[in-house]
Amino acid sequence: MALENSDMKQTCKDNGDFTIIDGILVEYLGNDSSVVIPDGVIKINDRVFLDHHTVKSVSIPVTVKKINEYAFNTLTDIHYAGTREQWNNVRKSIVWRKRMPADVVHCIDGDVKLPQFYIRDNMLKFYYGTDDSVVIPEDVNIIGNAAFEDSKSLVSITIADGVTEIWERAFMFCKVLKSIVIPDSVMKIGESAFQNCNSLKSIVIPDSVTEIGESAFQDCESLEFIIIPPHVQKINKFLFLGCDSLKSVSIPSGVKRICSGAFSDCPALAEIHFGGTKKQWNLVKKDYNWRDFILASSIKCTDGSVDISHFEINGGVLERYYGVSDSVVIPNNVIEIGNGAFCGCETLLSVSIPGNVIEIGDGAFRDC
């Protein structure tokens with residue numbers, strides 16, 4: 001059956017479980033484990049089989065000339081009706097397969113091995129494999145944006161000496177990643193590089209690193225200890241936000257600024273060590289909410305400790321509570337509890353408000 005649309009000048013062919021428009025396979029509607037793509041299809045469109053986790057084997061006709069982004073995902077067997085040379089001439093998106101177990105394509109004259117890595121100009125742009133342990137090839141200088149993002153099998157990785165930069169989201173959502181070796185050649189860790197690596201308990205950041213991007217370790221729920229390298233001058237926004245198990249942090253004396261939310265929602269954070277003096281600590285520029293909901297009440301410097309109040313009070317207004325206590329007594333010098341002052345304080349069971357408080361702002365205790 002063919003349906004003509006004069007406006008779009010397309011022909012939609014009804015072919016069982018397949019929706020094919022002008023020779024382009026745009027949708028698969030079946031749930032078979034083994035699929036034979038109809039002869040005459042010239043292009044397999046974006047994500048056609050990406051969410052079809054039942055599909056394990058596919059047969060591709062020789063008429064196919066192009067395969068688009070994330071067309072396949074869960075395949076263990078790929079059969080191609082042409083030769084190895086013809087297969088290599090099929091135009092394929094860099095990410096035509098996502099974390100696909102199949103590592104060869106069976107052609108009529110033999111197999112074509114599929115590489116685990118896509119590397120171009122010494123940049124690792126994408127990892128295709130499903131191994132639990134990976135060693136980055138030695139010719140790589142940069143781990144590109146989202147190269148390993150959402151790898152569900154990756155448990156450990158060794159980065160070869162010579163890699164200088166880890167770019168944005170490189171290992172984001174690698175939820176079973178437990179260990180990683182970063183060499184001394186790395187100088188930059190990009191934004192959200194390890195965000196939501198929930199199983200990562202420890203990581204050694206080499207002294208060579210001078211820049212760590214926003215949210216690089218956000219929501220690393222198992223991370224317990226961190227030493228920030230000596231040449232880092234700025235602790236970016238949300239760097240360790242939501243690191244529930246983080247107990248201790250060491251901050252170098254060269255840090256000039258700590259940005260908003262850098263250590264927020266770290267309820268186990270009891271020790272913050274600073275590599276300089278108390279005077280140097282007081283000169284560090286700190287955003288007012290750099291440490292929402294942490295346990296630590298002081299900073300340990302080389303010449304003693306600096307107290308950090310769990311209350312942000314300005315002109316008698318309690319603007320923010322930073323602690324994680326279950327019982328809080330608001331100081332007597334407070335006359336107003338500001339908007340959202342205790343917002344999101346999940347540990348709070350009871351609060352004592354002094355008699356001279358005359359106003360409680362909007363959302364002061366929201367989500368407690």
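Which of the listed residues, I60, F49, N236, is farthest toward the dipole's positive end in the chain, when Lys, Arg count +1 and Asp, Glu count -1 at the beta-carbon?
About the Cα centre, the residue reaching furthest to the positive side is N236.
Using heavy-atom solvent-accessible surface (probe 1.4 Å) with all chains present, what is the largest-first order of F225, F194?
F225, F194
Just how many % of Cα pairs in segment 237-330 lie over 22 Å apart, if you round to the nearest whole percent?
On the way: 1035 of 4371 pairs.
Tail fraction, whole percent: 24.
Of all alpha-carbon pairs in segment 206-253, indicate the percentage at a distance above 16 angstrom. Write out the running numbers ahead of the final one.
Numbers: 404 of 1128 pairs.
Summing the P(r) tail past 16 Å for segment 206-253 gives 36 percent.
Along the Cα-to-Cβ line of V104, 7 Å from the Cα, sits a label point; which residues in segment 55-69 have backbone N less than 18 Å from it?
Flagged as within label range: 57-60.
Determine the share of segment 166-282's accessible area contributed by carbon and sulfur atoms, expressed in whole percent, with a 1.4 angstrom probe. If you can, show how the numbers build up before the last one.
Values: 2230 of 4600 Å².
Roughly 48 percent of what the probe reaches on segment 166-282 is carbon or sulfur.
Rounded to whole Hz and in sequence order, give me ³J(HN,Hα) for segment 160-174 from the Karplus expression 6.51 cos²θ - 1.76 cosθ + 1.60, θ = phi - 60°, writing x for Gly and Pro.
5, 4, x, 6, 9, 9, 10, 8, 3, 6, 3, 10, 4, 6, 7
Taking segment 275-315, how much of its Cα-Cα pair set, in percent, is spaced more than 17 angstrom apart? Intermediate values should be presented prior to the final figure.
Values: 284 of 820 pairs.
Here the long-distance tail beyond 17 Å is 35 percent of all Cα pairs in segment 275-315.
How do Y288, Y127 rank by accessible surface area computed with a 1.4 Å probe, from largest to smallest?
Details: Y288 135, Y127 0 Å².
Correct descending sequence by accessible area is Y288, Y127.
Please figure out what share of the DSSP beta bridges in the chain is antiparallel and state it in percent, rounded to the nearest 5. Don't skip to the end; give the middle numbers.
On the way: 28 of 78 bridges.
Of those bridges, close to 35 percent are antiparallel.
As an exercise, use a Förster radius of 22 Å and the Cβ-Cβ distance of K188 and I94 to find the FRET efficiency, rounded to the nearest 0.05. Working shown, then result.
Values: r = 23 Å, r/R0 = 1.04.
Once the sixth-power term is evaluated, E becomes 0.45.
In Å², what does the accessible area per residue of the chain work out to with a 1.4 Å probe? Can you show the working numbers first?
On the way: 17530 Å² over 368 residues.
Averaged over the residues of the chain, the accessible area is 48 Å².
Residue separation times 0.36 nm, minus the C-alpha to C-alpha distance between E27 and D287: what's the value? Walk me through the numbers on the way to the answer.
Details: separation 260, 0.36 × 260 = 93.60 nm, distance 4.97 nm.
Separation in residues times 0.36 nm, less the Cα-Cα distance, equals 88.6 nm.
Computed from the mean reciprocal separation of all distinct C-alpha pairs, what Kirkwood hydrodynamic radius does the chain have, in Å? Numbers along the way, then the final one.
Values: mean 1/r = 0.0416 Å⁻¹.
Across the chain, the inverse of the average 1/r is 24.0 Å.
Give a residue-ordered list of calculated ³J(HN,Hα) values for segment 363-368 (Karplus: 6.51 cos²θ - 1.76 cosθ + 1.60, θ = phi - 60°; whole Hz; x for Gly, Pro).
Those phi angles translate into x, 4, 10, 4, 6, 8 Hz.
In nm, to one decimal, how far is the V357 label point from the S133 one, both placed 7 Å along Cα→Cβ?
5.6
Given the whole protein assembly as supplied and a 1.4 Å probe, what does the accessible area of R120 come to in Å², nearest 10?
130
If you put +1 on each Lys and Arg Cβ and -1 on each Asp and Glu Cβ, how big is the dipole of the chain around its Cα centre, in Debye rounded to 20? Don't skip to the answer; put the middle values down first.
On the way: 35 positive and 49 negative charges, 138 e Å.
It works out to roughly 660 debye.
Taking amide H positions as placed 1.01 Å from N in the peptide plane, with prolines and chain starts having none, which residues 5 or more places from G344, or on another chain, fall under 5 Å of its amide H?
Sorted by chain and number, the residues that satisfy this are R366, D367, C368.
What are the ³J(HN,Hα) couplings of segment 255-264, residue after residue, when phi is run through the Karplus curve with 6.51, -1.76, 1.60 and θ = phi - 60°? Round to Hz, x for glycine and proline.
Those phi angles translate into 5, 9, 8, 10, 8, 3, x, 4, 10, 6 Hz.
Is there a pair in K66/K175; K56/K113; K66/K113 whose C-alpha atoms are over 24 Å apart, and which pairs would that be? Show your work: numbers first, answer last.
On the way: K66/K175 33 Å; K56/K113 18 Å; K66/K113 18 Å.
The pairs that break the limit, which is 24 Å between Cα atoms, are K66/K175.
Which Cα, out of P137, G23, G340, lies furthest along the positive dipole direction of the chain (beta carbon charges, K/R +1, D/E -1)?
After comparing all options, I get P137.
On a straight-distance basis, which lysines could pair with K286 in a cross-link, Cα separation under 28 angstrom, same-chain partners fewer than 8 positions away excluded?
Of all the lysines, those that pass the test against K286 - Cα under 28 Å, at least 8 places apart if same chain - are K188, K201, K234, K237, K247, K256, K278, K300.
How much length would be gained if the chain were fully extended between L295 and S245, taking 0.36 nm per residue of separation minus their Cα-Cα distance, in nm to one decimal? Don't skip to the end; give the middle numbers.
Numbers: separation 50, 0.36 × 50 = 18.00 nm, distance 1.15 nm.
Computed gain between L295 and S245 is 16.8 nm.
If F117, F293 are ordered by their accessible area, calculated over protein heavy atoms with a 1.4 Å probe, which sequence runs from highest to lowest? Please list the in-between numbers first.
On the way: F117 40, F293 20 Å².
Ranking F117, F293 by accessible area, largest first, yields F117, F293.
Taking every Cα atom in segment 151-282, find the radius of gyration and the maximum pairwise distance Dmax, and write them in Å.
Reported Rg and Dmax, both Å: 13.8, 47.
The values are calculated or read from the model by the stated rules, or taken from the named source; none is laboratory data. All figures in this text were calculated on a predicted structure; none of them were measured in a lab. Here the Cβ is made from the backbone with ideal geometry for all residues, glycine too, and neighbour counts use every protein chain on show. Surface accessibility is based on the protein's heavy atoms, side chains included, excluding ligands, DNA and RNA. Shrake-Rupley method; radii C 1.70, N 1.55, O 1.52, S 1.80 Å.
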